[in-house]
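What follows is a short report on a single structure.
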Amino acid sequence: MTDSSTLEAQGPDAPAPTTARGVAQSRSLFDRAILRQALVDSFKKLDPRVQVRNPVMFVVLVGTVIVLIEAINHSSVFTWSITIWLFLTVIFANFAEAMAEGRGKAQADTLRRMRSETEARKLLPDDTEQRVAAAELAKGDLVVCEAGDLIPSDGEIVEGIASVDESAITGESAPVIRESGGDRSAVTGGTKVLSDRIVVRITAERGHTFLDRMISLVEGANRQKTPNEIALTILLAALTIVFLPVVVVLQPFGHYAGATVSVVILVALLVCLIPTTIGALLSAIGIAGMDRLVQRNVLAMSGRAVEAAGDVQTLLLDKTGTITLGNRMASGFFPAAGHTEEEVADAAQLASLADETPEGRSIVVLAKERFQIRERTLGAAHEFVPFSANTRMSGLDFDGRSIRKGAADSVRRWAVEQGGSIPDGLDQLVTQIARVGSTPLVVADGPIILGVIELKDVVKQGIKEKFAEMRQMGIRTVMITGDNPLTAAAIAEEAGVDDYLAEATPETKMELIKSEQEGGKLVAMTGDGTNDAPALAQADVGVAMNTGTTAAKEAGNMVDLDSNPTKLIDVVEIGKQLLITRGSLTTFSIANDVAKYFAIIPALFVATYPQLNTLNIMKLHSPQSAVLSAVIFNALVIVALIPLALRGVKFRASGSAAILRRNVFIYGVGGIIAPFAFIKLIDLILTALHAY
Amino acid sequence: MGYFWTILTLVVALGLTWRYLGSYMAAVFDGRVHWLGWVERPVYRALGTNPEQEQTWKRYAASLVVFSGVSIAVTYLLLRIQGSLPLNPQHLGAVGNALSFNTASSFVTNTNWQNYGGETTMSYFSQIGALTVQQFVSPAVGIAAAIALVRGFSRRNSATIGNFWVDLVRCMFYILLPIAFVAGIIFVGQGAVQTLSGTVSVHDALNGVTQTIARGPIGFMEAIKQLGTNGGGFLNANSATTFENPTPLTNWLSIYLLLAIPFALTYTFGKMVGSIRHGRALLAAMVIIFGVWVGFTSYSEHQGNPAVAAAGITHQPTGNTEGKEVRFGDTSTALFGVASTNTSTGSADASYDSFTPIGGFGLLTGMMLGEVTPGGTGSGLYTILIYAIIAVFIGGLMIGRTPEYLGKKIQAKEVKLAGLGSLIMPLIVLVFTGIAVSVHAGRIGPLNAGPHGFTEILYGLTSQGNNNGSAFGGLTGNTPFYNVVGAIDMLIGRFGIIIPALALGGSLAAKNVVPESLGTFRTDNTMFVGLVIGVIVIIGGLTFFPAISLGPIVEQLSHGKFF
């Protein structure tokens, strides 16, 4: 289960972090350093070997060269202007991609600095230490880390316990506890030991540490196109291929009509028609999507996983830590026959005085709030009885009284052993509390059973609304819990999840995932323990908690550095946003063509057929200004949309119909209208400048 | 008022047909109809096919292509040797090489582009044994392909998409033959000629000339000509003659027949995939575009002839009657024309060349939209499904999910095939038109100069590339150049879409179905209808806008000025 220390540090009710932290050190969208680097990269990317990967922009590049030759042969202000703006179109596309990459690169640089500075204390078989560079460590080596040391590489604690500052990776300043054995033994290279001494067995090969993976991920070094990106690239390539003959045949068509068709205008028309807007921004959108995840401290091992997140139809959520706060809180005292509520509260508080668990403290607080029972000083002759797995009770012995609270059957047995009897109605009371999803603790004063404390699993604030949103988006939420079905049903009801899996084991979890997948659904889950690993691997989106074991982190396809399982919901939204941004800009790009036709076609043939000037509905000044305005618009719209591509289209959790209506209206209808206005505006400016 | 009643009765009749013929066709292809089992079984035995054995998409496509190839070869051969064949009272000789190739390709691809005058070129045997046979077979091939694609949606995790031979045979026996038989009786009853007695000579004593009047087995050919969206008539003047289209009733029946199956197939689609709403969405997209096209074409024909108006006669109460049958009038002829060009039929009850420029624009663009409104028998459905897949892909991305249509994920492979299927038509039409206007053999084709001449060439190659077959007129097509280029245009326009469509069927059938949820992109509502219309109009518009501007648009803007 989730590391409680992290949860506490974060505060149970803490809203999802809105500011960037950790690896994603806050950077504005247009950081000056990134901007400068991106400008340089825009030119480096002119390399045809880079360009050919993007069929749409490659056509623009080739077109630019053709127009350049034409401009050299028939030099005029017009031909040179077109040449320059076509060239700028390519540069702007490169700039968009470079901007998206720039943020990742800057983050990678910070991480890389961290890696190179580390030195390790390698533990030799004869128990002596040797100082080596972190880079020289091999898998299986043992290293010693003491307070103040940086942990040199990923590993597992084999000896000791320590508090570790993981802020370098997670951005979370509160230290976490790491200890040998169990699910909290994993440590990450680059984090700092704050106290105590641990011995770590290195588990990562050289160059394959978590830090290395992070660097290559944020840098997008081996970014591969995702399935939907590939499909979209095919569509864009198909559109480009079909516009090629559309434009090329205008030469013979024009010739037949007795017109001389300018090659420069034909190239300009082609560039305006092919989907350059989306073609230029497509890779930037993908990189920025990954980057947005990093901003939220989630590392996706592949773009494919991010995209799959958008498709998820079933979310498996652990109850503890995700749906509930993780701690049960006292919510009421129920007296047994013949006793008062206050008696129960009083005894319960006494029994909990030394109980430092959140549950125990909540009992003390509740008694205080309800009956103003203050904490009291006990005489010298008192003894606390701590909870043990054997007795399943805890309490206090003082003044000859033995007060106990604990699991119903244990306390009952204990009271009977003391010579007491079981009051009428106790069993009903206990079942009743269990039925609503709470945990009943029975309180006894010696042989006398006083009543029952209700410990309630507290559902996180706002989670019910979140699930309602999910439902609207067509996502089914399933709560996973080890609780019995009765308790699980009650909490599921309260939290508003669609379904629950009670008494869950790794096997039943795995079965659930498989059965959902057989029904054609994509499943997302979070996990941290080693026994979660198979399910994490099976799920389409498996988010491993950074506090989890190495096995879990390797099985999942994302790692949440904050170890906040609720973030699965954010991941889904980012995945959707990525696709929406692509789809919307594609629609916009294609819709733009309408206005461009009305600008260029009359310009192309008006000399032969003056009647065609009727189609010049924007009343553009001259054929040359019309063509140039369309080309300038086509180039500038790329720059104008870079922020949108990097930030993503605004996403609202609502039904598909509402999202579609909104996006079709803004990017489809808007995409048809906007260029008419802007091309006209550019034409007015060109005319005012007396360019034509 | 007459036009109003024509439209109203058509809407009612087609509505009923949509519902009942649609569901009957679904039953036929699901194998639930058996009343002709006794004719079916011997045919399978003769074909050597096991009707229980299904085919993968590759085998299905191979069967379809082989069958069509054999059909072309047989038709070609029959035309080449018609002089030695019976039923040739006029003793017509062999049809020329290039013309036979063009005609064979034309009838096998359901185009029925005719670079010949029927009554002076084809013997009765060729008309019946070669051409009418293909008029039955080629729509059945198209419908079979459409059904195979539909099965891609209705099945899950399936390697097969049906058996081509079974679909072909069942379509002919259960659907085309019975309806055509009944319709043929009505045509003949109304006075369409049906005889094998050859031509008659009439001596006109008044003028002192002898007239030869062509006759033949016209009435029954007429029925399948319209029902199968073929369009190739017995006589050169097609449905404008009284022998093919004797009365207003047969004119109405013609329009009804050519729209019946293409519209009804959307119901069949809905029925087979288990959601009539999905069929209705496609129907709505078809009807809306069709309605708009009928509206503005009728309107512009009713406005009168701009050339006549330019001559000072602005009051033209009967609309543009040049080249039209007075029996049918301006608007009804426009309706026939739009129905014929929007269904890949291509039959004509007037001279399309004489439509007003913007009326001609209606006919031409009806085809340029890819023949999906409602398109040809079968071809209309599979082509609009291809457009729908593109609409689903773009729309699906816009809601943030891997797009899916009827639960089937639309991924790289589907996009590739749909892109190919939707873009091949504009590609060939534009490239072949580009070639035709560039070479001498092509430039001598059109009768008129200037934009009208350009439109004649563009229309001819658009008509063939879309397997429509309607002729704008004015283009001299029976030249080696136009015969061969046209044949290639028709073959690519047919099989260049059928093969990707079948591949899509295969790819979709193999997929599992993603269960529907609130987050699913709805493909059965008004929004989707709008998107499909958008994709059809945008693809057609963006690819053909420049060409259209140089043809009918310039012409219209010239206000009757001749070039």
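The values are calculated or read from the model by the stated rules, or taken from the named source; none is laboratory data. All values reported here derive from a predicted model rather than from experimental measurement. Neighbour counts are summed over all protein chains in view; Cβ atoms, including those assigned to glycine, are modelled from backbone coordinates with ideal geometry. Each accessible area value is taken on the protein alone, full model and side chains, heavy atoms only, with ligands, DNA and RNA left out. Shrake-Rupley method; radii C 1.70, N 1.55, O 1.52, S 1.80 Å.
Per-structure values
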| item | result |
| --- | --- |
| Alpha-carbon gyration tensor eigenvalues x 5, square-rooted, for region B:278-557, Å | 36, 22, 14 |
| Dipole-positive endmost among B:LEU475, A:LEU585, B:ILE492 within the protein assembly as shown (Cβ charges, Cα centre) | B:LEU475 |
| Overall form of region A:395-462 per C-alpha gyration tensor (a/c, 1.5; a/b vs b/c) | oblate |
| Relative contact order computed over region B:278-557 (Cα-Cα under 8 Å; 6+ residues apart), in percent | 24 |
| Per-pair calculated FRET efficiency, R0 = 56 Å: A:LYS514 and B:SER23 via Cβ, rounded to 0.05 | 0.90 |
| Mean shadow area of region A:492-549, taken as a quarter of the surface of its Cα convex hull (nm²) | 4.4 |
| Dipole axis of the protein assembly as shown (+1 Lys, Arg; -1 Asp, Glu on Cβ), positive-most option in B:LEU79, B:THR297, B:SER63 | B:LEU79 |
| Over chain B: helical MRE at 222 nm, DSSP H runs n ≥ 4 each giving -39500 (n - 2.57), nearest 500 | -20000 deg cm²/dmol |
| Spin-label pair B:VAL66/A:GLU383, simplified geometry with 7 Å Cα→Cβ offset, distance in nm | 9.5 |
| Relative contact order for region A:145-286, counting Cα pairs under 8 Å that sit 6 or more residues apart, in percent | 21 |
| Computed helical MRE - 222 nm, chain A, DSSP H runs ≥ 4 contributing -39500 (n - 2.57), nearest 500 | -16000 deg cm²/dmol |
| Förster radius 45 Å - calculated FRET efficiency between A:PHE665 and A:VAL40 (Cβ-Cβ, nearest 0.05) | 0.70 |
| Whole-number D in µm²/s for the protein assembly as shown (Stokes-Einstein; Kirkwood sum over Cα pairs; 4 °C, 1.567 mPa s) | 37 |
| With every protein chain in place, region B:278-557: carbon and sulfur % of accessible area (1.4 Å) | 68 |
| Close Lys-Lys pairs in chain B, where close means Cα under 16 Å and separation is 8 or more or interchain | 5 |
| Degrees, to the nearest 10: A:358-371 long Cα axis against longest axis of chain A | 70 |
| Difference of contour (0.36 nm per residue) and Cα-Cα distance, B:TRP5 to B:ILE313 | 107.9 nm |
| Of all accessible heavy-atom area on region A:83-177, the percent that carbon and sulfur account for (1.4 Å) | 51 |
| Computed magnitude of the charge dipole of the protein assembly as shown (debye, nearest 20; Cβ of K, R +1, Cβ of D, E -1) | 3540 |
| Rg/Rh ratio calculated on Cα atoms of chain B (Kirkwood radius) | 0.96 |
| Exercise: per-residue mean of other protein chain Cβ atoms within 10 Å, A:299-310 | 1 |
| For A:ALA336, net neighbour charge (Lys/Arg +1, Asp/Glu -1) across residues whose Cβ lies under 10 Å away | -2 |
| Partner aspartates and glutamates for A:LYS464 [C-alpha distance under 18 Å; skip if fewer than 8 residues away on the same chain] | A:ASP13, A:ASP318, A:GLU493, A:GLU494, A:ASP498, A:ASP499, A:ASP570, A:GLU573 |
| Degrees, to the nearest 10: A:408-417 long Cα axis against longest axis of chain A | 10 |
| Net length gained if the chain between B:THR247 and B:SER517 were fully extended (0.36 nm per residue, minus Cα distance) | 91.9 nm |
| Of every Cα-Cα pair in chain A, the percent that sits beyond 47 Å | 36 |
| Interface size A-B, as summed buried accessible area [1.4 Å probe, Å², nearest 100] | 4900 |
| Set of lysines with alpha-carbon distance to A:LYS122 below 24 Å, sequence-local pairs under 8 removed | A:LYS139, A:LYS192 |
| 30 Å Cα-Cα threshold exceeded, pairs from A:LYS460/A:LYS521; A:LYS105/A:LYS567; A:LYS105/A:LYS553; A:LYS456/A:LYS514; A:LYS105/A:LYS596; A:LYS460/A:LYS650 | A:LYS456/A:LYS514; A:LYS105/A:LYS596 |
| Extended-chain gain in nm, criterion 0.36 nm per residue less alpha-carbon gap, B:THR199 and B:ILE213 | 4.5 nm |
| Rounded to 10°, Cα long-axis angle of helix A:485-495 versus longest principal axis of chain A | 50 |
| Sum of side-chain charges, B:ASP524 neighbourhood, beta-carbon under 9 Å (Lys, Arg +1; Asp, Glu -1) | +3 |
| Computed FRET value (nearest 0.05) for A:GLU507 with A:GLN472, which takes r as the C-beta separation and R₀ as 41 Å | 0.80 |
| Length-normalised contact order of chain B in % [C-alpha pairs under 8 Å, at least 6 apart] | 20 |
| Residue among A:LEU561, A:ALA231, A:ILE480 farthest towards the positive dipole end of chain A, charges placed on Cβ | A:ALA231 |
